[in-house]
Amino acid sequence: MQFACASTTTAFFHLVRKMATKFVEARVRVNSIAAGVFRSEMMAGESNEHRKSDLSSEANNPPGRGGYDSDMGACILFVAGSGDVFLNGQVVYPNRGGYLGAP
């Protein structure tokens, strides 16, 4: 499973960079969001009336919690808006600082 995930992720990142290079003449920016742990059905493992997982436990990150819909929305607005006007072919990682502890 890890090999499939790593291969898919690498292929997607490569696609973002290739598309950014291809569309630069048309002045189209291509960026991506690689989300960390956010409340979702996928994280819950099942669907219920709330359709969200429970991430109520304290997390080891600056906000001390998992991601909410509003956090993802802010990231989407940043990537889609004028905030990243000079970013192209980049991947934004809203992952609660999860990669900071990895070597």
Taking 22 Å as R0, compute the FRET efficiency from the Cβ-Cβ separation of Ala11 and Arg65 and round it to 0.05.
0.10
Given the peptides 80-87, 29-36, arrange them by the average over their residues of other C-beta atoms within 10 Å, most packed first.
29-36, 80-87
For Leu77 and Val24, compute 0.36 nm times the residue count separating them, minus their Cα-Cα distance, and round to one decimal in nm.
17.0 nm
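FYI, it's all coordinate maths here, none of it is from the lab. Since this is a predicted model, take the numbers as computed values, not measurements. Please note: Cβ atoms are built from the backbone with ideal geometry, for glycine as well, and neighbour counts cover all protein chains shown.
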